[in-house]
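> Sharing a structure here in structure tokens format.
The values are calculated or read from the model by the stated rules, or taken from the named source; none is laboratory data. From a predicted model like this one, the values you see are computed outputs, not experimental measurements. Ideal geometry is used to build each Cβ from the backbone, glycine not excepted, and the neighbour counts take in all protein chains shown. Heads up: the accessible areas ignore ligands, DNA and RNA and are worked out on the full protein's heavy atoms, side chains in. Shrake-Rupley method; radii C 1.70, N 1.55, O 1.52, S 1.80 Å.
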Amino acid sequence: MTIASTSTRMPIPPYPGLNITETVERHNVDGAQLRDALDRINCALTKAWDIAHYGLTQEQYTQLVCHCFYNTLLDDALVHTIHATTISRTRGITCLAFRIDELITTELGA
């Protein structure tokens with residue numbers, strides 16, 4: 001897979017062409033919950049890149065994650081947001097970061 005470097009470091013909220021409607025509707029969330037989930041993904045992306053970036057720039061890493069796994073991550077982040085009373089924000093972000101690392105490791109065969 002070739003990953004082009006972009007000048008946009010964090011293409012979130014979702015980049016043009018990405019369809020998140022089904023994921024959002026499945027969870028039946030409001031705008032505030034969606035914004036919180038998107039913010040959790042942004043924070044988790046930075047944390048995951050800090051864990052292991054596999055020789056990719058942060059822009060390339062973000063592009064790969066968003067292209068391949070965005071709806072999976074949004075699904076997880078919405079669950080964390082909906083259950084915010086039982087899952088702390090920091091713990092939810094850390095869980096997402098490790099989930100990103102797991103997905104990238106599998107994708108790159110690292």
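> Among the residues in the stretch 71-79, are any touching a residue at least 40 places away in the same chain (Cβ under 8 Å), open to solvent by 60 Å² or more (accessible area, probe 1.4 Å), part of a helix (DSSP H, G or I) and not acidic (Asp, Glu)? Don't jump to the end; show me each part of the working.
Initial filter on the stretch 71-79 (touching a residue at least 40 places away in the same chain (Cβ under 8 Å)): 71, 74-75, 77-79.
Still in the list and also open to solvent by 60 Å² or more (accessible area, probe 1.4 Å): none.
Taking every residue of the stretch 71-79 in turn, none turns out to be touching a residue at least 40 places away in the same chain (Cβ under 8 Å), open to solvent by 60 Å² or more (accessible area, probe 1.4 Å), part of a helix (DSSP H, G or I) and not acidic (Asp, Glu).
> Shifting gears a bit: Show the residue pairs that are 6+ apart or on different chains and have beta-carbon atoms under 9 Å apart, the first residue being within the stretch 83-110 and closer than 18 Å to HIS67 by Cα, the second being open to solvent by 60 Å² or more (accessible area, probe 1.4 Å) and of a type in the set (A, V, I, L, M, F, W, C).
ALA97/ILE51; PHE98/ILE51; ILE100/ILE51; ASP101/ILE51; ILE104/ALA110; GLU107/MET1; LEU108/MET1
> Within the stretch 27-36, is even one residue under 17 Å from THR94 (Cα atoms) and either modelled with pLDDT of 90 or more or not small (Gly, Ala, Ser) (or both)?
We begin by selecting, within the stretch 27-36, every residue under 17 Å from THR94 (Cα atoms); these are 36.
Still in the running and either modelled with pLDDT of 90 or more or not small (Gly, Ala, Ser) (or both): 36.
Yes, the stretch 27-36 contains a residue that is under 17 Å from THR94 (Cα atoms) and either modelled with pLDDT of 90 or more or not small (Gly, Ala, Ser) (or both).
> Still on this structure, I have one more. Give me the residue from the stretch 37-62 that is open to solvent by 60 Å² or more (accessible area, probe 1.4 Å) and under 20 Å from ILE104 (Cβ atoms) and, out of that set, modelled with the lowest pLDDT. If you could, list the steps in order and put the result at the bottom.
Taking the stretch 37-62 as the starting set, the residues that turn out to be open to solvent by 60 Å² or more (accessible area, probe 1.4 Å) are 39, 47, 50-51, 53-55.
Still in the list and also under 20 Å from ILE104 (Cβ atoms): 47, 50-51, 53-55.
Working: LYS47: 93, ASP50: 91, ILE51: 89, HIS53: 84, TYR54: 88, GLY55: 89.
Step by step, filter the stretch 37-62, then rank; the result is HIS53.
> Going through THR85, THR81, THR72 one at a time, which residue ends up being modelled with pLDDT under 85 and of a type outside the set (A, V, I, L, M)? Please lay out each step first, then the result.
Details: THR81 fails: modelled with pLDDT under 85; THR72 fails: modelled with pLDDT under 85.
Only one candidate passes the filter, namely THR85.
> Follow-up question, since we're still on this one. Considering every residue within the stretch 37-50, establish whether at least one is assigned to a loop (DSSP other than H, G, I, E, B) and closer than 27 Å to HIS83 by Cβ. Step through it out loud before you land on a result.
Filtering the stretch 37-50 for residues assigned to a loop (DSSP other than H, G, I, E, B) gives none.
The answer is no; no qualifying residue exists.
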